Amino acid sequence: DGAGGAGRPVRARLLGRPAVFLSGPAAVGFVYDESHVRRAGALPGPVLDTLFGRGAVHTLDGEPHRVRKSLFTGMLMDAEAVEALTATVLRRWREAAARWPDGGRVVLFDEVAEVLAGAVCEWAGLPHAGRAAARTARDCVAMVDGFAAVGPRHWRARRARARQERVLARTVERARAKGARGELLERVAFHRDADGQLLDARTAAVELLNIVRPTVAVAWFVTFGAHALHRDPELRAELRAAEGPAYETAFAHEVRRFYPFAPFAGGLAAADLTWHGELIEKDSLVLLDLFGQNHDPALWHEPFRFDPGRFLGRRPGRDELVPQGGGDVHRGHRCPGEDITVRVLAALCTELARTEYEVPQEQDLRIPLHRIPTLPRSGFVIALASGAGAGAGNAGAQAAVHTAAGVAPRGG
């Protein structure tokens with residue numbers, strides 16, 4: 001019962017700690033106020049050792065956080081830099097699609113992840129090409145896939161992070177020895193924290209991964225976008241025919257709202273707090289229900305209907321659409337790569353809409369909500385139509401043939 005932030009907290013236990021779940025725009029402001037909720041000590045070791053990394057910006061508060069965060073906002077929110085990365089993604093996507101055999105099948109999720117890994121490494125000045133880029137893609141996918149798991153998925157994630165941190169720490173050391181400061185790599189390598197000191201090489205590697213890994217994670221959203229286009233061919237036609245960025249941006253926002261990705265965000269109560277008359281004890285986990293807010297009927301008309309039109313002609317409110325967190329991106333813990341996510345997602349979904357491919361029937365497109373993170377079980381297999389290439393379609397082109405039955409994302 002989030003209802004725009006007016007609902008009572010939902011109490012539970014998570015990782016052995018008492019936890020309260022809040023929802024709604026008012027809850028966003030509450031959770032992202034550092035006097036209420038702190039991040040230091042909030043993230044459990046298994047999450048740090050897989051998803052974020054020890055010493056990452058996500059673990060800081062106050063001035064140390066703002067100084068470290070400025071490194072990311074300066075690099076990831078520059079409009080020219082975002083467009084440069086998007087152009088690199090599209091070039092690599094078209095090169096990859098040109099290598100697909102006519103009528104051959106590929107797993108879309110895997111292909112997009114590798115394209116994104118190669119593109120972000122090139123853009124950042126990281127010497128990861130060919131097989132190294134493919135390894136980076138697999139490792140970043142493993143980190144995201146295993147952070148909330150137990151057993152083999154989790155241990156794969158740990159090994160992947162350790163491997164990438166070692167590689168990138170050596171890359172940072174070489175960049176410092178060379179002394180150049182132009183590439184994004186060098187900007188991280190020569191960043192000075194609030195204490196005036198350079199990051200140690202391993203922490204610099206952690207923060208480089210916190211640029212590369214979230215970019216690769218856009219593959220989840222692109223696969224969800226393909227799922228939406230498959231379920232409703234009219235959306236495909238509208239995206240093909242769109243002129244300018246308005247509709248493709250609205251489509252990207254709706255993918256991020258509609259489909260499940262991160263379930264919650266939060267931290268530890270900095271003191272005894274009161275939320276709508278109820279006590280939240282100090283050191284309790286305070287979690288913002290991201291999926292619940294993005295499907296709250298008090299905020300969204302027919303929230304379980306996929307409708308890009310709800311974002312046409314308007315930007316979503318800062319604390320309204322929160323798939324990547326809320327609050328002020330410069331001073332708080334909202335993801336600074338949100339502009340990249342929206343732009344790259346919009347561009348790749350438009351490429352998909354303009355590409356002739358089939359969706360084979362013999363695959364499982366259900367999206368299980370008990371799995372974090374989730375994805376169509378088959379990874380979304382496509383077969384490129386004979387003679388077609390990425391972007392080969394146009395606004396007037398005939399819609400691609402889709403043969404599999406549409407499956408709602410709430411399926412088992």
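Here are some notes:
- Filtered residues of the range 247-266 (kept if of a type in the set (Gly, Ala, Ser) and at pLDDT below 95): Ala262, Ala265, Gly266
- Extreme residue, farthest from Phe224 (Cα to Cα), among residues of the range 265-283 that are crowded, with 20+ Cβ neighbours inside 10 Å and within 26 Å of the chain's Cα centre (by Cα): Ala269
- Residue within the range 332-351 that is of a type in the set (Ser, Thr, Tyr) and farther than 18 Å from Ala262 by Cα present: yes
- Breaking point among (1) under 21 Å from the mean Cα position of the chain (by Cα); (2) open to solvent by less than 50 Å² (accessible area, probe 1.4 Å), for Val37: (1)
- Some residue of the range 190-202 being of a type outside the set (Gly, Ala, Ser), within 25 Å of the chain's Cα centre (by Cα) and within 19 Å of His128 (Cα to Cα): yes
- Exactly one residue among Val344, Val359 is open to solvent by less than 10 Å² (accessible area, probe 1.4 Å), under 19 Å from Phe311 (Cβ atoms) and of a type in the set (A, V, I, L, M), and that residue is Val344.
- Flag for Leu14 being at pLDDT below 95 and in contact with a strand residue (DSSP E or B) (Cβ under 9 Å, 6 or more places away or on another chain): yes
- The range 93-141: number of residues that are of a type in the set (S, T, N, Q) and touching a Ser or Thr at 6+ places or on another chain (Cβ under 7 Å): 0
- Among residues of the range 59-90, those that are of a type outside the set (Phe, Trp, Tyr) and within 17 Å of Val216 (Cβ to Cβ), counted: 8
- When Leu198, Leu168, Leu116 are checked against the criterion of being at pLDDT 95 or above, touching a strand residue (DSSP E or B) at 6+ places or on another chain (Cβ under 8 Å) and not polar (S, T, N, Q), a single residue qualifies: Leu198.
- Screening the range 1-116 for helices (runs of 4 or more DSSP H) wholly inside it with 1 or more residues that are in contact (Cβ under 8 Å) with a residue 24 or more places away in the chain and within 24 Å of Leu268 (Cβ to Cβ) returns the ranges 25-31, 62-76.
- Ala189 touching a residue at least 60 places away in the same chain (Cβ under 8 Å) and of a type in the set (Gly, Ala, Ser): no
- Within the range 284-305, if we keep just the residues that are touching a residue at least 40 places away in the same chain (Cβ under 8 Å) and under 19 Å from the mean Cα position of the chain (by Cα), the residue that is surrounded by the most Cβ atoms within 10 Å (Cβ to Cβ) turns out to be Gln293.
- Any chance Pro260 is surrounded by fewer than 24 Cβ atoms within 10 Å (Cβ to Cβ), of a type outside the set (D, E, K, R), touching a helix residue (DSSP H, G or I) at 6+ places or on another chain (Cβ under 6 Å) and closer than 19 Å to Glu338 by Cβ: yes
- For first residues located in the range 206-230 and touching a residue at least 40 places away in the same chain (Cβ under 8 Å), partners that are part of a helix (DSSP H, G or I) and among the hydroxyl-bearing types (Ser, Thr, Tyr) and lie 6+ apart or on another chain with Cβ distances below 8 Å form the pairs Leu208/Thr171; Val212/Thr136; Pro214/Thr341; Val216/Thr136; Val218/Thr341; Phe221/Thr341.
- Residue in the range 236-243 that is of a type outside the set (Lys, Arg) and crowded, with 20+ Cβ neighbours inside 10 Å present: yes
The values are calculated or read from the model by the stated rules, or taken from the named source; none is laboratory data. In this text, all values refer to a predicted model and were calculated from it rather than measured experimentally. Cβ atoms come from the backbone with ideal geometry, glycine included; neighbour counts cover every protein chain shown. Accessible surface areas use protein heavy atoms only, side chains included; no ligands, DNA or RNA. Shrake-Rupley method; radii C 1.70, N 1.55, O 1.52, S 1.80 Å.
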